[in-house]
Structure formats: C-alpha cells, structure tokens
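For reference, the structure is listed below as structure tokens.
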Amino acid sequence: MGAGMGVVGMVVYIAFIFGIMWLIVVRPQKKRERQIVEMQAQIKVGQTVLLSSGIYGKVVDIINDLFIIEMGLNKSVRVPVKRDQVAGVETPNLKIVKEVVAVETIEVDDDTDDEEYDDEE
C-alpha cells in the first residue's frame with residue numbers, strides 16, 4: 001500500500017510543478033501576445049507605427065493583413081508590411097539632444113629616475 005501512495009504522490013507533485021510553471025511562464029506570455037494582437041487590430045490609417053525592425057513609418061493603407069507603410073522624409077517610399085511585424089504605435093523622438101560627456105583627465109606620473117645607467121659595468 002505504501003508503494004502505491006508514493007507513485008500517486010509523485011504524480012501529484014509533478015502536476016503541481018507543471019501548474020506553477022504554467023502560471024509563471026505560459027499565462028503571462030499568452031496575455032502579452034493577446035495585447036499585441038489587439039493593438040495591431042486597432043491600428044488605423046494615418047498612425048505612426050514602429051516596426052519590429054526598428055523602422056518608423058506612417059500607415060497610408062490597410063489591405064487584408066498588410067499595412068502599406070510610408071517611410072522616409074521624402075514620403076515616396078511605400079512598403080507593404082505584414083500586420084504581425086508592427087511592434088507598437090508610437091511617434092519617433094526627433095528632438096536633438098546634446099549629450100555632455102565628462103572626460104576624466106589622467107595625470108601621468110613623470111617621475112623618472114635621474115640616474116644614468118652605464119652599459120660598461
């Protein structure tokens with residue numbers, strides 16, 4: 001009878017571990033995927049989007065599961081992009097920010113020995 005309870009206990013233990021892993025890993029990932037799909041479905045013509053490649057563009061047309069994205073400053077580059085390649089709806093930050101980098105000066109210790117060495121010794 002004791003060996004049967006050991007097997008049942010082991011099965012319950014393994015099921016418990018899988019349940020915890022599902023709660024920690026799988027469930028939050030599914031929730032994030034669902035939010036991304038909802039965001040991609042709500043994109044409208046005229047919005048600025050960020051693609052998964054890091055390129056910004058403006059949606060000029062939507063055809064089935066494709067977005068026609070206008071890229072560049074000359075507004076003549078239009079690229080069809082699959083809906084699932086849109087990472088977010090955001091505008092690029094085009095403000096120029098000057099970074100001031102503090103440069104540390106390193107003092108060189110120039111205390112060389114004033115002794116002269118003779119090669120004749």
Checklist entry - If you roll a 1.4 Å probe over the chain with all protein chains in place, what percent of the accessible area is carbon or sulfur? => result 58
Next on the checklist: Can you give me the long-range amide H partners of Gly88? Hydrogens built in the peptide plane at 1.01 Å from N, cutoff under 5 Å, separation of 5 or more residues or another chain.
Outcome noted: Leu50
Item to check | Note, ³J(HN,Hα) from phi for region 15-20, Karplus 6.51, -1.76, 1.60, rounded to Hz, x at Gly and Pro | outcome: 4, 5, 4, 4, x, 5
Next on the checklist: Across the chain, what fraction of all alpha-carbon pairs, as a whole percent, falls in each successive 5 Å bin from zero upward?
Outcome noted: 2, 8, 11, 10, 7, 6, 6, 6, 6, 5, 5, 5, 5, 5, 4, 4, 3, 1, 0, 0
Item to check | Estimated dipole of the chain in Debye, rounded to 20 [Cβ of Lys and Arg +1, of Asp and Glu -1, Cα centre] | outcome: 3620
Checklist entry - Do any trypsin sites (Lys or Arg not before Pro) in region 15-103 lie in a DSSP loop with no more than 13 other beta carbon atoms within 10 Å, and if so, which? => result Lys44, Lys75, Lys95, Lys98
Checklist entry - Could you give the accessible area per residue of the chain, probe 1.4 Å, as a whole number in Å²? => result 90
Next on the checklist: Which residue fluctuates most in the GNM of the chain (Cα springs below 10 Å): Pro92, Pro28, Pro80?
Outcome noted: Pro28
Checklist entry - Rounded to the nearest 500 deg cm²/dmol, what is the calculated helix-only ellipticity per residue at 222 nm for the chain, with -39500 (n - 2.57) per DSSP H run of length n ≥ 4? => result -9500 deg cm²/dmol
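The values are calculated or read from the model by the stated rules, or taken from the named source; none is laboratory data. Fair warning: this is a prediction, and the values are worked out from it, not measured in the lab. No Cβ is skipped: glycine too gets one built from the backbone with ideal geometry, and neighbour counts run over all protein chains shown. The accessibility values were calculated without ligands, DNA or RNA, using every heavy atom of the protein model including side chains. Shrake-Rupley method; radii C 1.70, N 1.55, O 1.52, S 1.80 Å.
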